[in-house]
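For reference, the structure discussed in these notes is given below.
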Amino acid sequence: MTVKRIELIDFRNIENQSIEAHDGINVISGENGQGKTNILEAIGLFTGTRSFRGARNIQMIKHGKQFSRLSMDFFAAGRDQNAKMVVTPDSRDTTINGVKQAAASSLIGRFCAVVFSPDKMMLVSGGASERRKFLDAAISQAFPQFASLLVKYNTVLTQRNTLLKKYEHSSSAKDTIDIWDRSIASIGAEIVKKRLGFIKNLSPSAEKFYEGISSGREPLELEYSCSFSQQPLSDDLEEKFYDCLKESILSDVRTGYTQHGPHRDDLLILLGGNQSRIFGSQGQKRSAVLALKLAEAEQLSVLTGEQPVALLDDVMSELDQLRQEYLLNRIKGWQVFITCCDPASLKLLDKGRIFIVKNGTVEKTDK
């Protein structure tokens, strides 16, 4: 999967630019505030998800304009394809290969990319919800139906939590909550199994990339912490979840919400056997997140047969020259877009394309 060309019209500070991408490493260089990240953001929108910067539509439209237009030529599923998007304050109207789509989310699974940006540090430093979000988003790119499974689970979870608040004063709630327990146990067990399968495949890749980035200083390991079973790989996972829901009913009623389930689980990221969230240095955490994002891209390639595009924003600034060289020249066979501010980093690139961004204009050179 590769981006061939992307055109941006009235997108943030970019008035009208057409960018022809290299099928390997694309370095986007320039000072802060010139528009480097805007290019990555535009590419990321074609995954069918929201802006990885958390921006609202209106923030992505050039000041004084009513909408922005994006067009991307890309190669996927063995053929050249095109996607277009018109971003208005209220919508993102999307067309794929000339066919208008009901929603931008129709792009999920059609074009895949993984993103590293400064806020991704929350994957290690933040709460468990950040790591669940990482797992679920990655799995959904490989298996779009997984996103529907998550929606179903959250719907049932909301219903159960509503019944918990009525439980002590409603015979109807007491009579019907078992139905929801059965449903939530079934769907929840399936979610955990999908996550475990993904982590099993992700771990060797993450360990390999972390070793390369950190020069083998300490090993990285991944473990899944299940809130309702110490043995989540067991065959009777659904029954264990159901039993846990029954046993915790009184406690759940007191708190007013369901305390166990995949919505409470965590991905443990260990460095040298210690939790990186607690004991890792900033450099170690940054390297761990980068290794996880690169491993995500590699595993999506294995699962889908398509190598996703890697979008690496502001990853170079806190890496020494050895790690910068690893990123620029050791990742073979897939397309990478990487932003940087320091012109000295450009000298480390063996082969690829360099884009210099200044005030929303883009110039390219090849190496």
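The values are calculated or read from the model by the stated rules, or taken from the named source; none is laboratory data. Treat the numbers as computed from the prediction; the structure is a model and nothing was measured. Neighbour counts run over all protein chains shown; Cβ positions are idealised from the backbone, glycine included.
Values computed for the structure shown
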item	result
Meets criteria (more than 30 Å from Leu328 (Cβ to Cβ), in contact (Cβ under 8 Å) with a residue 24 or more places away in the chain and aliphatic (A, V, I, L, M)) for Ile177	yes
Ser281 being in the same structural domain as Ser203 (by TED's automatic domain parsing) and surrounded by fewer than 19 Cβ atoms within 10 Å (Cβ to Cβ)	yes
All positions within region 66-80 that are at pLDDT 95 or above, more than 23 Å from the chain's Cα centre (by Cα) and not hydroxyl-bearing (Ser, Thr, Tyr)	Gln66, Phe67, Arg69, Arg79, Asp80
Residue check, Val315 β-branched (Val, Ile, Thr), at pLDDT 85 or above and buried (at least 18 other Cβ atoms within 10 Å of the Cβ)	no
Entirely in region 22-118, the strands (runs of 3 or more DSSP E) that have 3 or more residues that are farther than 30 Å from Lys351 by Cβ	79-87, 92-96
Any chance Asp10 is touching a Ser or Thr at 6+ places or on another chain (Cβ under 8 Å), assigned to a loop (DSSP other than H, G, I, E, B) and over 18 Å from Ser345 (Cα atoms)	no
